[in-house]
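The values are calculated or read from the model by the stated rules, or taken from the named source; none is laboratory data. On a predicted model such as this, the values are computed, not experimentally measured, just so you know. A quick note on method: Cβ atoms are made from the backbone with ideal geometry, for glycine too, and the neighbour counts reach across all protein chains shown. Surface accessibility is based on the protein's heavy atoms, side chains included, excluding ligands, DNA and RNA. Shrake-Rupley method; radii C 1.70, N 1.55, O 1.52, S 1.80 Å.
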Amino acid sequence: MRVLFSSFSGSGHFHPLVPSARALQAAGHEVAFAVPASFVSVVEANGFRGFAAGIFFDSMNVDLAEMRKRQAVLMSGPPEKAAEFAAGMFVDQFARGKVPELLRVCEEWKPELLVFDSMDLAPILVGEKLGIPYASIQVGGGRRRMSDSPVFQLGWMAEKFGEWTDLPIDRDRMLATISLYWFTGSGATAFTG
């Protein structure tokens with residue numbers, strides 16, 4: 001079976017996926033990773049095939065020190081503002097930037113399963129569009145105040161799903177996805193780990 005892992009270009013996002021990827025390789029499956037171009041060499045140094053897909057901090061035109069300062073202020077403020085910041089970064093910027101490239105990789109390499117870092121939301125959209133099963137692996141820290149709103153998470157994901165795909169929003173599937181993120185505490189918290 002061909003399994004495509006998807007991750008951001010950070011050790012805290014990539015390395016939690018490695019044990020599962022190695023286990024699948026050891027069982028005889030073909031494994032590859034879709035990561036930002038600047039991180040492909042790290043993937044290859046760990047013994048996996050790498051495909052360039054997506055953006056991360058290193059390819060964004062932002063002042064990282066200013067972004068971290070803003071994040072710290074938001075994390076100490078109202079939970080809704082921190083959740084909005086996280087959703088804007090991981091959904092609006094990272095997922096939107098990765099979906100077209102991940103679609104291309106999947107159409108060319110033809111994986112039979114997508115496995116991804118719990119904050120890399122692009123594989124959900126691509127999996128739904130192409131009919132590829134997908135699974136998430138939790139990364140990051142525990143529950144924080146921003147995760148106290150499953151309604152916010154549901155609304156944000158449903159809005160973006162509707163904007164980025166031509167697929168109808170299936171209520172049961174959307175609720176199942178939100179339940180995964182809500183009950184594991186990963187939807188709005190993994191970015192803090």
Label model pair Glu44, Met1: point-to-point distance (7 angstrom along the Cα→beta-carbon line) in nm is 2.8
Largest-first ranking of Asp166, Asp117, Asp172 by accessible area, probe 1.4 Å, whole protein assembly kept, is Asp166, Asp172, Asp117
Length gained if Gln25 through Asp170 is fully extended, taking 0.36 nm per residue and subtracting the Cα-Cα distance, is 48.8 nm
Residues meeting the amide H criterion for Ser6 (H placed from the backbone, H to H distance under 5 Å, 5 or more places apart or on another chain) are Ala34, Val115, Phe116, Asp117
Most packed first (mean Cβ within 10 Å per residue), the peptides 31-37, 120-126 order as 120-126, 31-37
Counting only protein heavy atoms and leaving out ligands, DNA and RNA, the solvent-accessible surface of Glu107 at a 1.4 Å probe, in Å² to the nearest 10, equals 100
Residue-normalised value, i.e. accessible area per residue, for the stretch 1-55 at 1.4 Å probe, in Å², stands at 39
